[in-house]
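K.L.:
Structure in structure tokens, see below.
Please treat every number below as a calculation from the coordinates, not as lab data. Source: prediction; values computed, not measured. Positions of Cβ are generated from backbone atoms using ideal geometry, with glycine treated the same way; all protein chains shown enter the neighbour counts.
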Amino acid sequence: MGYKKVIMRIRKISGFTLVELTVVIAIFLVMIVALTPFVRMARERANVIKCADNLRRISLGLHLYAADHNDNFPAKLTELYPNYVDDEKVFDCPSTKTPDVPAETDYAYTAGLTEASPAKDIIVQDLDGNHGRAGKNVLKVDGSVAWKRVRR
């Protein structure tokens, strides 16, 4: 085989046609479109976990506050900042659709409870709609955080 024939054969093997490139790009686009819902679900799951972590940090702040105030929890959740909770963003749920307002929280707080209240009473929970129709995180007086499914 001559030198020129080898070069021609290599050029035929290494070249791509416009049709082949278009097919490969189309396959990648279909894969991206098919995987987009899974990325959204993973992002929402991460937000639910971050929200549960926020509630754990709020729980620590509530119990520290109660230890300093005769086992009474504060009248408002925002009283925990800055002495008992060091970051104001703890009061913002990452899944909320409302704009951040510094004086408001994205969690519903049940005022009037004490550390002597029944352990399973819910003291803080997500506002309805923070995580869509899937459910919400709840914080109980005993400090446990749980996921509560919303009935449809």
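K.L.:
State, as an integer percentage, the relative contact order of the chain based on alpha-carbon contacts under 8 Å between residues 6 or more apart.
P.N.:
Relative contact order comes out at 19 percent.
K.L.:
On a 0 to 90 degree scale, rounded to 10, what angle separates helix 18-68 from the longest Cα axis of the chain?
P.N.:
In the chain, helix 18-68 runs at an angle near 20 degrees to the longest axis.
K.L.:
Counting pairwise Cα distances across segment 85-134, what percent come out greater than 14 angstrom?
P.N.:
When every Cα pair of segment 85-134 is considered, 59 percent fall beyond 14 Å.
K.L.:
Can you sort Y107, Y65 by how many other beta carbons sit within 10 Å, fewest first?
P.N.:
Y65, Y107
K.L.:
What full-extension length gain, to one decimal in nm, is calculated for N72 and L127 as 0.36 nm per residue of separation minus the Cα-Cα distance?
P.N.:
The span from N72 to L127 would gain 17.5 nm if fully extended.
K.L.:
Just going by the charge dipole of segment 3-149, with Lys and Arg at +1 and Asp and Glu at -1 on Cβ, which of V24, T96, V145 is farthest out on the positive end?
P.N.:
The Cα lying farthest towards the positive end belongs to V24.
K.L.:
On C-alpha positions alone, give me the angle between the axis of helix 3-14 and the longest principal axis of the chain, in degrees, nearest 10.
P.N.:
For 3-14 against the chain, the angle is about 30 degrees.
K.L.:
Taking 25 Å as R0, compute the FRET efficiency from the Cβ-Cβ separation of L64 and S117 and round it to 0.05.
P.N.:
0.90
K.L.:
To two decimal places, what compactness ratio does the chain give when its Cα radius of gyration is scaled by 2.2 N^0.38 Å?
P.N.:
Taking the Cα Rg and dividing by 2.2 N^0.38 Å, one obtains 1.83.
K.L.:
Quick one: order H63, H69 by neighbouring beta-carbon count within 10 Å, fewest to most.
P.N.:
The fewest-first ordering by Cβ neighbours comes to H69, H63.
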